[in-house]
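Here is the structure we will look at.
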Amino acid sequence: MKFQPSKIASALFAVGVLSLSAVPTAQAVTLEELAKKLEAMEKQNAELSAKVKQLEADQGKQAVQVQQQSKAIEQQAVASSASGSSLNNWASKTTVTSYGEIGYSRPTKAPENAQVDVGRAVIGITHRFDEKTKMVSEFEWEHAITSATDKGEAEVEQLYVEHELNNGLRAKAGLFLMPVGLINANHEPTAYYGVFRNSVETAIIPSTWREVGLGLSGTTESALSWDVGITTGFDLTKWDPKSTDGSDSPLRAVHGEGQFAKARNLSAHAALNWRGVPGLLLGGSVFTGKVGHNTAGFAGNDTSLVLFDVHARYQIDRLDLSAMYTTAKLSNTDALNIGFASSTTPNPVLVPSKFGGGYVQAAYKLWQTDQYSLTPFVRYERFNTAKAYGAIPLAAGAIVKPDEKIWTLGTSFKIGEGVVLKTDYQKFQEDNTKDRLNLGVGYSF
């Protein structure tokens, strides 16, 4: 029952009047004062009642606010849990990879030219959207510094999406590596011997070689894997007769790398690799396409490239043997070279009609523990970036280069599977000014 002070005060007042009705007139003033006091008490009671009601209303509002805050906190906790679950789900489907290398090179004939170079640092991200679809990317920085006045480069090495079809085939679209040779697709420093990549797969095959296009691949029950694709190709309009880049590596001088690559003439490739015997790999590939792109006024519009390679690798116990041969032909280069030869450029670098080479390599894991291993190796290379110039006469500057022959003897000291310390000595038989001692460190994960 609620307390009602106004009614009690009225009752007291009535009782007081009745009890005082017999009191003498002399006490009238006292009764008047009592009435005033009772009136004041009623006013105070009314104010108190109003405050009680206001307090009850405030308490009701606070209860609603507390309920709303509790609900908001609960919703925030649910959202945070969902966000954390989403982040964990994303992380479980995403893989970060990386590799890099630093090399020291000391020419034995000119030790004053010794130098150290941060050859490359690469970060890769692979995200799997579902069991059949993934995105693959690699971002590379070469030679430590990239700026307009430095030799460094920042580039996208791979960026493609791959989807596995219901029949086991894999389709991909984007910028991806060409399935050529042994190193191009396995180019991490822990995957090859020597401080630097071998010359055949850098001067003839421009590793790391990638193109933009569409690809399809699969594997048969007989352990035969295959790759085919339609992609961008090389751009012969980039050939600079004033530069030695074409003499050092003909295809590297005219590749596009996905940077505004001309696509008027597309190229095709196909590769086969067989792994039917444990430790044995036998394979080959072919790449072909026109390289002139119907450029107005260009004398090499009819020029086409055909490059093929055959390769083998056998790994058994501690022994690792490999061999590879590649050759490339550029057709209809005569008109282009005659134009270069008749220009005012002194000693122009002409476009070769044929270039190629090969190597054999043997490595043996001499010492191994749970964490460390030491593997000496020896490699012999023979290659030529200008074997022929078609029908161009020697008088026009079409001087065929002799084959370069390189012996490389070195070791790889691995720390676990992710870090390697390398050393090697290289002997160049045609140009011994290039003889050098190399030291390097590399990693991959």
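Laid out as a table, the results:
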item	result
Given (1) under 30 Å from residue 375 (Cα atoms); (2) surrounded by fewer than 17 Cβ atoms within 10 Å (Cβ to Cβ); (3) β-branched (Val, Ile, Thr), index of the condition residue 326 fails	(2)
In segment 367-388, the residues that are touching a strand residue (DSSP E or B) at 6+ places or on another chain (Cβ under 9 Å) and part of a loop (DSSP other than H, G, I, E, B)	371
Residue 123, sole failed condition from (1) more than 26 Å from residue 212 (Cβ to Cβ); (2) free of Cβ contacts under 8 Å to residues at least 40 places away in the same chain; (3) among the aliphatic types (A, V, I, L, M)	(1)
Long-range neighbours under 6 Å by Cβ, at least six apart or interchain, first residue within 27 Å of residue 312 (Cβ to Cβ) and assigned by TED's automatic domain parsing to the domain that holds residue 182 within segment 326-343, second buried (at least 17 other Cβ atoms within 10 Å of the Cβ) and β-branched (Val, Ile, Thr)	326/204; 326/205; 330/303
Residue in segment 231-238 that is in a strand (DSSP E or B) and not acidic (Asp, Glu) present	yes
Residue match in segment 186-194 (condition: touching a residue at least 12 places away in the same chain (Cβ under 8 Å), more than 29 Å from residue 439 (Cβ to Cβ) and under 15 Å from the mean Cα position of the chain (by Cα))	no
Residue check, residue 116 in contact with a strand residue (DSSP E or B) (Cβ under 9 Å, 6 or more places away or on another chain), closer than 30 Å to residue 153 by Cβ and either at pLDDT below 95 or in the same structural domain as residue 156 (by TED's automatic domain parsing) (or both)	yes
Subset of segment 244-268 (residues that are in a loop (DSSP other than H, G, I, E, B) and touching a helix residue (DSSP H, G or I) at 6+ places or on another chain (Cβ under 7 Å))	249
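The values are calculated or read from the model by the stated rules, or taken from the named source; none is laboratory data. Given the structure is predicted, the values throughout are model-derived calculations rather than measurements. Methodologically, a virtual Cβ is constructed for each residue, glycine included, from the backbone with ideal geometry; neighbour enumeration extends over all protein chains shown.
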